[in-house]
1. With the checklist (1) assigned to a helix (DSSP H, G or I); (2) over 19 Å from ARG171 (Cα atoms) in hand, flag the one item THR69 doesn't pass.
2. Checking the structure you have, find out if any residue of the stretch 35-47 is within 20 Å of the chain's Cα centre (by Cα), in a helix (DSSP H, G or I) and in contact (Cβ under 8 Å) with a residue 40 or more places away in the chain.
3. Can you tell me which residue within the stretch 138-188, out of those that are of a type in the set (Ser, Thr, Tyr) and loosely packed, with under 15 Cβ neighbours inside 10 Å, is nearest to the chain's Cα centre (by Cα)?
4. Answer yes or no as to whether LEU83 is in contact with a Phe, Trp or Tyr (Cβ under 8 Å, 6 or more places away or on another chain), in contact (Cβ under 8 Å) with a residue 12 or more places away in the chain, in the same structural domain as ALA160 (by TED's automatic domain parsing) and not acidic (Asp, Glu).
5. Every residue in the stretch 152-171 that is among the charged types (D, E, K, R) and under 13 Å from ILE70 (Cα atoms), please.
6. How many residues are within 23 Å of GLN192 (Cα to Cα), surrounded by fewer than 18 Cβ atoms within 10 Å (Cβ to Cβ) and polar (S, T, N, Q) when one looks only at the stretch 1-37?
7. Taking interchain pairs and intrachain pairs at least six residues apart, which have beta carbon atoms under 8 angstrom, with the first residue in the stretch 139-165 and not assigned by TED's automatic domain parsing to the domain that holds LEU80 and β-branched (Val, Ile, Thr) and the second surrounded by 18 or more Cβ atoms within 10 Å (Cβ to Cβ) and part of a helix (DSSP H, G or I)?
8. If you go through the stretch 84-109 one residue at a time, how many are within 19 Å of GLY179 (Cβ to Cβ) and not in a helix (DSSP H, G or I)?
Amino acid sequence: MLCPSCGQRKARRECPALARTICPVCCGTKRLVEIQCPSDCGYLAAAREHPAAVVRRQQARDVARLLPTIRPLTERQYQLFFLFQTAIARHTPDGFTRLVDADVAEAAAALASTLETAARGVIYEHTPASRTAQSLETALKRLLAEIREQGGTVYDREAAIVLRAIEQGARDARLPHEGDAAYLELMARLLQVTGTSESARPDAAPASPLILP
């Protein structure tokens, strides 16, 4: 039987997400990208525990590129960084537009400016220029509101520091030969490896009680 995902190779792996048998190639390349794998999938667990050498090298490169951005962050800020990144990874712009690194940088910068202004006692909403960035900024604001509604402690200055780190990463992480979503792709790979996209949900139990009790 051919794989229903690609229609080219033999289907050999039972996929709990699709309730179908797919080929190993589609399982490996579309995992958590096109296929929303459940956390108890055996193939997903095995890939995280024993990644291939090429995957390990890519992980090392990704971490090295991200390190200058996250090195100054505290543990609280590091956790908030990945909460924001998870929201960014899940965000789908309206219409036929797609999210690119410039939108991420613009949205993070605008919200950071708003929070920095509020920390000085002035209420002023900084708005991104593009509609795609505006949509993302709204999603990030919603995440902050959800955290606070659940009793989490996130200070404006602290959230602004994290958003500035995201802005810097989105502006600086791209290499000359890469496209306009290089940072988004890098973070998607890291979220897939760490499983942060599942564990960093606002309703999940985080490692630190300082942000989300």
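The values are calculated or read from the model by the stated rules, or taken from the named source; none is laboratory data. Just so it is clear, the structure is predicted and the values come from calculations on it, not from any experiment. Using ideal geometry, Cβ is built from the backbone for each residue, glycine included, and neighbour counts are taken over all protein chains shown.
1. All conditions are met except number (2).
2. Just the residues of the stretch 35-47 that are within 20 Å of the chain's Cα centre (by Cα), to begin with: 35-39, 44-45, 47.
Next, from what is left, pick out any that are in a helix (DSSP H, G or I): 44-45, 47.
Filter again for in contact (Cβ under 8 Å) with a residue 40 or more places away in the chain, leaving none.
No, the conditions are met nowhere in the stretch 35-47.
3. Filtering the stretch 138-188 down to residues of a type in the set (Ser, Thr, Tyr) leaves 138, 153, 155, 183.
Now restrict to residues that are loosely packed, with under 15 Cβ neighbours inside 10 Å: 138, 153, 155.
Numbers: THR138: 16, THR153: 21, TYR155: 21 Å.
Going through the qualifying residues, I end up with THR138.
4. Numbers: in contact with a Phe, Trp or Tyr (Cβ under 8 Å, 6 or more places away or on another chain): no; in contact (Cβ under 8 Å) with a residue 12 or more places away in the chain: yes; in the same structural domain as ALA160 (by TED's automatic domain parsing): yes; not acidic (Asp, Glu): yes.
In short, no.
5. Start the filter on the stretch 152-171 by keeping residues that are among the charged types (D, E, K, R), which leaves 156-158, 164, 167, 171.
Answer for the stretch 152-171, where residues must be among the charged types (D, E, K, R) and under 13 Å from ILE70 (Cα atoms): ARG164, GLU167.
6. 3
7. Note: no pairs meet the criteria.
8. Residues meeting the conditions: 8.
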